[in-house]
Structures are given as C-alpha cells and as structure tokens.
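The values are calculated or read from the model by the stated rules, or taken from the named source; none is laboratory data. All figures in this text were calculated on a predicted structure; none of them were measured in a lab. Because the Cβ atoms are built from the backbone with ideal geometry, glycine has one as well, and the counts that use them run over all protein chains shown.
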Amino acid sequence: MKKIEAIIQPFKLDEVKEALKSIGIDGMTISEVRGHGRQKGHKEVYRGQEYNVDLLPKVKVELVVSNSRYEEVIKTVTQAARSGKIGDGKIFVYDVAEAIRIRNDDRGDTAL
C-alpha cells in the first residue's frame, strides 16, 4: 500500500475530489495548511503598509491506496491540480506497512 500526500492550491480541491471520485477513490483526508515552496510568498499592501506574506494557504489531500492503483491516482491528481503556474504544489508517496479498520479489524487492502 502507498500513502499519497498532495499539497495543492485551495481552488483546485473540488476538481481533484471529482477526478478521484471518477476513478473510484472515495476515502481521503483533507486539511487546510499553510506553507511556501520556491516562490517564498508575496508582498501585499494593507492600509498603506506593505507586508510580506510568506505562508500561503494550501490544501493537503491524504489517501492510502493499493500498490496496483497508486500510479493511476498520482496521474489523476497531477492532471486535476495542474494550472501550469508556480505554486501548483507537490505530491509525496510513502510506503504503508499496515492498514487496520478499527470497526471490524479488517487489515491490508480490505481495510481501505
């Protein structure tokens, strides 16, 4: 199993959720996060004062999928989240040793 963490732009969340739903992926965890990559934020002016906004709002989508589906999921997320501009985000993939459904003790892929 693989855990996929995708850090994406907030305005792309609905597109990513719909794209994942269209390939049969329903379970995911979504968190509002803040951060920056190479762009290092931007400057804004508020009431005549200039402020450096270095932690930009992002959305983190986390899901665990079977080894046979993770490439398909990565491709789907990448296509749905891409705007072609700086700050589109990143995807991280981790190996998952075990998944256990608390309700009935299902393990492995059946717990997903």
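Summary table below
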{"item": "Residue match in region 82-96 (condition: touching a strand residue (DSSP E or B) at 6+ places or on another chain (Cβ under 6 Å), surrounded by 15 or more Cβ atoms within 10 Å (Cβ to Cβ), in a helix (DSSP H, G or I) and not acidic (Asp, Glu))", "result": "no"}
{"item": "Residues within region 80-92 that are under 19 Å from residue 26 (Cβ atoms) and out of contact with any Asp or Glu (no Cβ under 9 Å at 6 or more places or on another chain), tallied", "result": "0"}
{"item": "Strands (runs of 3 or more DSSP E) within region 10-79 that include 3 or more residues at pLDDT below 95 and under 21 Å from residue 109 (Cα atoms)", "result": "none"}
{"item": "Residue among 20, 13 that alone is of a type in the set (A, V, I, L, M), closer than 20 Å to residue 112 by Cα and either in contact with a strand residue (DSSP E or B) (Cβ under 8 Å, 6 or more places away or on another chain) or surrounded by 12 or more Cβ atoms within 10 Å (Cβ to Cβ) (or both)", "result": "20"}
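Residue-wise test of (1) more than 14 Å from the chain's Cα centre (by Cα); (2) in contact (Cβ under 8 Å) with a residue 24 or more places away in the chain.
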| residue | (1), (2) |
| --- | --- |
| 19 | no, yes |
| 34 | no, yes |
| 52 | yes, no |
| 56 | yes, yes |
| 60 | no, yes |
| 65 | no, yes |
| 72 | yes, yes |
